[in-house]
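Structure first, then comments.
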Amino acid sequence: IAKPQATRKVPRATNNPLPRANDTDTLALEILEKLTYSLGKTTSVARMHDWMDATCLAVRDRIIDHWIASTQKVTKEHSKRVCYLSMEFLIGRLLRDAINNLGLSEPVKQALARYGVDLDLVELLEPDAALGNGGLGRLAACFMESMASTEVPAFGYGIRYVHGFFRQEIADGAQVELPEDWLAHGNPWEFERRETAYEIGFGGKVTMVEEPGRPPRYVWRPAERVLAVAFDTPIVGWRGKHVNTLRLWSAQALDPILLDAFNSGDHIGALLESNRAEAITRVLYPADSHQAGQELRLRQEFFFSSASLQDIVRRHLQTYDSLDNLADKVAIQLNDTHPAVSVAELMRLLVDIHGIEWDKAWEITQATFSYTNHTLLPEALETWPIHLFERLLPRQMQIIYAINADLIRHARLDKGLDDGQISAVSLIDENNGRRVRMGQLAFAGSHAVNGVSALHTELMKETVFRDLHRLYPERIENKTNGVTPRRWLFECNPDLCKLIEEAIGPGFRDNIELLAELDKFADDASFRDKFAAVKLANKQRLAKVVEERLATYVDPKAIFDIQVKRIHEYKRQFLNIIETVALYDQIRSSPHLDWTPRVKVFAGKAAPSYQEAKQIIHLINDVARVINADPAVRNLLKVVFIPNYNVSLAEIIMPAADVSEQISTAGLEASGTGNMKFALNGALTIGTLDGANVEMLEHIGADNIFIFGLTAEEVANARANGHMGQPVIERQPLLRAALESIENGVFSENDPGRYRSLAGSLRDRDWWMIAADFQEYWNTQRRLDELWLDRAKWNTMAVHNTARMGWFSSDRSIGEYARDIWKAGPKSIQAIS
Ligand code: GPK
C-alpha cells in the first residue's frame, strides 16, 4: 500500500479558510447550499421543514470545524477525558443553543430573512429531543453544555431511543400517553458511525479455561449477541471554544434477516432477531424516581454500559499500550445507578479480556469510576433479582460475588463490622428474595460518591449509605447541581439579558457570577421598572401559549404562580391544588375583600403506571374546569394545566413566573434544578427547606425567598412518631373545607367519589405531610399576596434573585467535579475556589 508522501499538500476540508466569516452573506449562501445539495430542494419548493434542516446543517458545519480542532487538541495534549455515562440526556432542541453559542444569532436570522423565512418559526420545527424523564436527564444535558463551555474534554454516553419520553395529552381532565417520534423526519445533528460498533452479549455460560503455565481464565459465551452502533452528536460550548461528543448507542441484530427462515417461508420469524435486538433501544422507560423492574430495562442498562466501556478501552489502547494508566486518562461518571453494572463489566474487560490480575484491575476500576446519587426514595433504589441477573449476565454476577466477598472480608476483618452492619453494606440484599443492590455496587466500585445538594449529601450519609459511609468515610462528598445559564437565561430570556448588559456590561456572559453586580440595581427604581417590563412581556408570551393550547385567557397582570415538574406525591402538587381550592372558597365567601389576582400554572407528566400521580393531574384539571367557569372569581383566580411539559415549554415558562413553587416534603427532593431556573429569571420562590432550596436561601438571603414548612428532621420525626393528618385537619377550617369539597365531588360531579381515597390519605398517616404543612403554606401565600401590592419591593426582591443566582450555574458544578473528582479539564477550571 502506498503511503501518503509527507511532502504532499493535502487540501483543507473546507473551501473557506478557518475561521469562517460570520456575516449574513456567507451564512445565506451556506444555507442555500445545504438546501440545494444536501436536501435537493430549490427555494421555490422548500417547505419550512427543509429550511430547518438546511439551517441546522449549515450551522453544524461550523460546529464541525471546532469539533475537529477540539479533538485534535485533546489528542495532541493527551488530556484526560471525562466519560459521563447516563441513561438519559434530556437535551431538547439544539439549534438555538448552537447558534447562540457560536455567536451567530443575528446573521442566521438575517440570512433566513433574505429568503422570507423567520428563524423563530424555523426553530419551532425542530423536534424536542426528549431522551430523558426529568431533572436527572436535564442535568446530564446541562452538564454536557457546561463541559463544552468550560473546555473539559468529555464524552456523553447514552442510548439513542427511537421513542423518547411520551407525549402527554389531557382528555376529559386525565392524562393520555401517546408515542413520541422525534426521529420521524431524520435528525440533522447526528452522525451514524457504523464502523464504531461493538458486540454486546446476553445470557449463556461461563466456563473456566485452564492452560498449562497460565492462571485459569473465565470465558463467557453469551447465548445471544447484539450490535451497539454509535451515533455522535457534537455539543458546542459557549463561544465555540470547545466541542464535545454525545455518543448514543443504537441496537441492531448481527444478522438483520435470517435468510434460511425467510427462504422457507417464515417471513415473520426471519425478522425476529432484528426485532428483539432493536427493542433494546426502542423506548425510554417513563418512570422517574422509581425502579422500572423489567428485564428489558436491565438489558438497556447493560447494553449501553458495555458498549461505552468497550469504546473507552479500545480508544485508550489506540494511544497507550496498556490499561494500567486508564484512570490517569479517563474519568467515568456514573449518573445514578442505571450504569452501575459498568463496575462489573469493566472488571470483566480488564481481567478476562485483557489478562490483568484481579487486585490491580480493582484498583484501576475504583480509580476510574465515580458515582452520583439522585434520590433517597426507597422505591427508586435499584435492585435486581439474582436469578434474573444471573441468567442475563452470568459472568458479571460472578464478578459481583467476588467483589462482595472482598468487601465483606474487609468490613469484618479490618473494620470489625457485626452481622447487621455487614448485611447493610453487602452488594446482595438477602431480605427480599436475594437481589443485587446497584447503589452498593456503584459505591463500592467508585473512588468518589456524590449527592446533588448539601442537604441531600448529608442525608445520604445518614440513610441509604449509612454503613458504607462508616466503612469509607472519605468517599461521599457534595456537588450541588447547577443549570446552564446559556439555555436558561441567555437563550430563553434575551430581553432580560439585554437589560442586564446595559446595567453591568457584557462580562456576565463569560462569567455568570458577575451577575452579582446587578445587586446594586435592585434599589434603582428605573432599572426595576424595566426589569418588571421584561417580566410582563414574558408573561404575555406565556399567556399567548395558554390561549392557543387551552383556549383559556389568563391576565398577564395577575401573579403567575407556577409549579412545573414531574408529578409525584413527594413534590406535592396536591398541596398546591388544595391551597387553590381553599383560596377559591375564600374568594367566593368574601368577594368584597381585596384579593390579589392569581394564575396558578401547572405542568408535568405522571409515570403511566403511577395511579396517585395521574389522579393529581385529573384533580388539577377538574379544579381548573370548575374555577375557570365560575363568574364569581373571574379575573381573581385562574387555574391552568398546560399539557406535554418538555424542555421547549420550560424555556417559555421559566422567564414568565412571578412565583416558583418548590414545595416538596423536606428531605425528599434531592436538589431540584427547576428551582434554580426560575430564580435566575427573577421569580420569587415559595419553598420548603429541601434540596438546593437550602443553598438558594443562603445565597439569595432570607429576605428574598419564602420558606415554610417542616424541616427534614421534623418530617423524619413526625413519621417515626406516627403522625396522622386527621387531628390537624380538624383544627384547620380552611383545609377541612377544601378537602371536604374535593372528597364530596364538588369538582367531579359526574363521579363524586373520584378523589375520596386521594383525600383520605391526608386524614390517615399524611405520609407527605400535606396536612402538616398546609397552614404555613397558606399563610406564606398570603404574605406573597400582600407583597404584590408593594410592587417596588417585589421587584427589588426579584432583582436580588437574579443577581444572586450565578453560583447555581452548571459551570460551577462542573468546575467542582473537575477539580475534586475527575482531576480533568483545564488548569483554570480545576483551580476554582
Ligand atoms: C432523581 F432518582 C431520580 C430520578 O430517577 N430522576 C430524577 O430526575 C432528580 N431525579 C431529583 O429528583 C432532583 O431533585 C434532582 O435535582 C435531579 O434528579 C438532578 O440531580
Lone qualifier among LEU735, LEU710 - being open to solvent by less than 50 Å² (accessible area, probe 1.4 Å), outside any helix (DSSP H, G or I) and under 28 Å from GLY760 (Cα atoms): LEU710
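Is it fair to say TRP189 is touching a residue at least 12 places away in the same chain (Cβ under 8 Å), of a type in the set (Phe, Trp, Tyr) and out of contact with any helix residue (DSSP H, G or I) (no Cβ under 9 Å at 6 or more places or on another chain)? Spell out how you get there, then give the answer.
Working: touching a residue at least 12 places away in the same chain (Cβ under 8 Å): yes; of a type in the set (Phe, Trp, Tyr): yes; out of contact with any helix residue (DSSP H, G or I) (no Cβ under 9 Å at 6 or more places or on another chain): no.
No, not satisfied.
Just to be sure before I move on: is ALA824 open to solvent by less than 10 Å² (accessible area, probe 1.4 Å) and either outside any helix (DSSP H, G or I) or in the same structural domain as SER149 (by TED's automatic domain parsing) (or both) in the structure I sent?
Details: open to solvent by less than 10 Å² (accessible area, probe 1.4 Å): yes; either outside any helix (DSSP H, G or I) or in the same structural domain as SER149 (by TED's automatic domain parsing) (or both): yes.
Yes.
In this structure, is ASP255 in a loop (DSSP other than H, G, I, E, B) and surrounded by 23 or more Cβ atoms within 10 Å (Cβ to Cβ)?
Against the criterion (in a loop (DSSP other than H, G, I, E, B) and surrounded by 23 or more Cβ atoms within 10 Å (Cβ to Cβ)), ASP255 does not qualify.
Say whether the condition of being of a type in the set (Phe, Trp, Tyr) and either in contact with a Leu (Cβ under 6 Å, 6 or more places away or on another chain) or within 16 Å of the ligand (Cβ to nearest atom) (or both) is met by at least one residue in the range 706-724. Quick ask: steps written out before the conclusion?
Of the residues in the range 706-724, the ones of a type in the set (Phe, Trp, Tyr) are 706, 708.
Narrowing the set further to residues that are either in contact with a Leu (Cβ under 6 Å, 6 or more places away or on another chain) or within 16 Å of the ligand (Cβ to nearest atom) (or both) leaves none.
No, because not a single residue in the range 706-724 is of a type in the set (Phe, Trp, Tyr) and either in contact with a Leu (Cβ under 6 Å, 6 or more places away or on another chain) or within 16 Å of the ligand (Cβ to nearest atom) (or both).
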Residue in the range 110-132 that is touching a Lys or Arg at 6+ places or on another chain (Cβ under 8 Å), under 30 Å from ARG297 (Cα atoms) and within 16 Å of the ligand (Cβ to nearest atom) present: yes
Any hit, the range 275-285, residues being more than 16 Å from the ligand (Cβ to nearest atom), open to solvent by 40 Å² or more (accessible area, probe 1.4 Å), in contact (Cβ under 8 Å) with a residue 24 or more places away in the chain and touching a His at 6+ places or on another chain (Cβ under 9 Å): yes
Pairs with Cβ under 6 Å, 6+ apart, first in the range 407-429 and more than 10 Å from LEU468 (Cα to Cα), second of a type in the set (D, E, K, R): LEU427/ARG437; ASP429/ARG435; ASP429/ARG437
Residue among LEU637, LEU735 that is away from the ligand (no atom under 16 Å from the Cβ) and either under 21 Å from the mean Cα position of the chain (by Cα) or closer than 25 Å to LYS544 by Cβ (or both): LEU637
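For GLU151, state whether it is away from the ligand (no atom under 16 Å from the Cβ), assigned by TED's automatic domain parsing to the domain that holds ASN275 and either open to solvent by 30 Å² or more (accessible area, probe 1.4 Å) or of a type in the set (Gly, Ala, Ser) (or both). Give the derivation first.
Numbers: away from the ligand (no atom under 16 Å from the Cβ): yes; assigned by TED's automatic domain parsing to the domain that holds ASN275: yes; either open to solvent by 30 Å² or more (accessible area, probe 1.4 Å) or of a type in the set (Gly, Ala, Ser) (or both): yes.
Here the answer is yes, as GLU151 does meet what is asked.
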Any chance ILE617 is among the β-branched types (Val, Ile, Thr), in contact (Cβ under 8 Å) with a residue 12 or more places away in the chain and away from the ligand (no atom under 16 Å from the Cβ): yes
Candidates GLU477, GLU458 - the one that is open to solvent by 50 Å² or more (accessible area, probe 1.4 Å), within 16 Å of the ligand (Cβ to nearest atom) and of a type in the set (D, E, K, R): GLU458
Any hit, the range 501-513, residues being modelled with pLDDT of 95 or more, over 21 Å from the mean Cα position of the chain (by Cα) and among the polar types (S, T, N, Q): yes
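The values are calculated or read from the model by the stated rules, or taken from the named source; none is laboratory data. Keep in mind it's a predicted model, so treat the numbers as computed, not measured. Neighbour counts run over all protein chains shown; Cβ positions are idealised from the backbone, glycine included. Just so you know, the surface numbers come from the protein's heavy atoms only, side chains and all, with ligands and any DNA or RNA stripped out. Shrake-Rupley method; radii C 1.70, N 1.55, O 1.52, S 1.80 Å.
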